[in-house]
1. Label residue 125 and residue 76 with points 7 Å out from Cα along Cα→Cβ: what is the distance between them in nm?
2. Once you order the gyration tensor axes a ≥ b ≥ c over the Cα atoms, which shape class does region 28-164 get: rounded for a/c under 1.5, otherwise prolate or oblate by comparing a/b with b/c?
3. Given 103/125; 125/198; 170/197; 44/86, which pairs have Cα atoms separated by over 23 Å?
4. What is the spin-label model distance, in nm, from residue 311 to residue 68 if the labels are put 7 Å beyond Cα along the C-beta direction?
5. Given R₀ = 25 Å, FRET efficiency for residue 174-residue 257 by Cβ-Cβ distance, to 0.05?
6. Just to confirm the filter: which GluC sites (Glu not before Pro) across region 22-128 are DSSP coil and have at most 15 other Cβ within 10 angstrom of their Cβ?
7. Report the charge-dipole magnitude of the chain in Debye, nearest 20, computed about the Cα centre from +1 at each Lys and Arg Cβ and -1 at each Asp and Glu Cβ.
8. In whole Hz and in residue order, list the ³J(HN,Hα) couplings for region 122-133 that follow from phi through the Karplus curve 6.51 cos²θ - 1.76 cosθ + 1.60, θ = phi - 60°; x for Gly and Pro.
Amino acid sequence: MGSIPETILVSSDKTIPLLGFGTAEYPFGASSETMKDSILHAIKLGYRHFDTAALYQSEPLLGEAISDAIQLGLVKSRDELFITSKLWCSDAHHDCVLPALHKTLKNLKLDYLDLYLVHWPVSVKPGEYELPVKQKDLVPFDLKSVWEAMEECQKLGLTKSIGVSNFSIKKLENLLATAKIPPAVNQVEMNPLWQQKKLRDFCEKKGIHITVYSPLGAKGTLWGTNLVLDCKVLKEIADAKGKTIAQVCLRWAHEQEASVLVKSFNEERMKENLDIFEWKLSQDDLQKINQIPQRKGFPGLEFISDEGPYKSLEELWDEEIDLSLEYFT
Ligand code: A2P
């Protein structure tokens, strides 16, 4: 198997590998040794892009795996890896951003990140790193001042690129209106059941690269759904091609020019998920996928409160969620 292709991030002129390895295992902090071994194995298999977050409690294990990989000679230096982490909502306050990044770097035992993301367009009172957040802790999100602090992180060389996650078009427009450094990436939920066409078109026009999370639906997590891996249309396509549903999902996301983060700690599936670069979906496959009914897996109900700042799903996602679907049952 060849190496993983890369693309350039317009905002920072750095490259990002188009397939990455997710480290969000739910419940967070559950399986430390397995995770470190899985990451080491992933590096052996050729994964170079690793995604973590202050929320996931996986930063220290990823840091240990990176140190071990260098010691074992699996990579020559940390520069061969692409490491993303994220600012949690309780640090989404201007003065908390830089200390939060320092803590993340300390956890990872690194001098710099490749990419630092604002995890959600949401702030909660400082202190807690938990999902669901406590609704009583939700406070207004001051995008402009948080982003200024993110820009400072990049200027200080503590991260090569900065970006956001879970941002709608409207929220990206608000950000672009004042940003001195535009976001390099918007990391969002995307898979054949939640294709995000409008958001993709907008991001392409603005030079914002999309990174995909939950490409397989993140089965078994708080934010996950079984509907993707159980989808009949995807199964038919996969069977006809001699591929798995997971490979069809990953290949589909790859063909949308996004980078894809997939999480598996199973050695066979880790290998299977790498085998998406030497074959293609046909026009007929793509058309069938385009017709799959759309439903967001993770609406983020925990960020909605009668007291605000977001009083409805529409305020959180703007026009990008179909409110005719019942998300509250
Ligand atoms: P496991 O770690 O046991 O392989 P996502 O990447 O969308 O967040 O989804 C992650 C979930 O999908 C995990 O439960 C993971 O389980 C499972 N998964 C990852 N790769 C595959 C695969 N190739 N086939 C089936 N399930 C997979």
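Bear in mind that the values in this text are calculations on the coordinates, not laboratory data. Keep in mind that this is a model prediction, so the values were computed, not measured. All Cβ positions, glycine included, derive from the backbone under ideal geometry; neighbour counts span all protein chains shown.
1. If labels sit at residue 125 and residue 76, their model points lie 5.1 nm apart.
2. Details: a/c = 2.72, a/b = 1.59, b/c = 1.71.
It comes out oblate by the Cα gyration axes.
3. Working: 103/125 18 Å; 125/198 32 Å; 170/197 15 Å; 44/86 25 Å.
Violating the 23 Å Cα-Cα cut-off are 125/198; 44/86.
4. For the pair residue 311/residue 68, the computed spacing is 5.1 nm.
5. Details: r = 24 Å, r/R0 = 0.98.
Working from the Cβ atoms, E equals 0.55.
6. Working: sites: 25, 33, 64, 80, 128; in loops: 25, 128.
Qualifying residues, ordered by number: 128.
7. Details: 38 positive and 48 negative charges, 83 e Å.
Dipole about the Cα centre, nearest 20: 400 debye.
8. These are the phi-based 3J(HN,Hα) values: 9, 10, 10, 3, x, x, 9, 10, 8, 9, x, 6 Hz.
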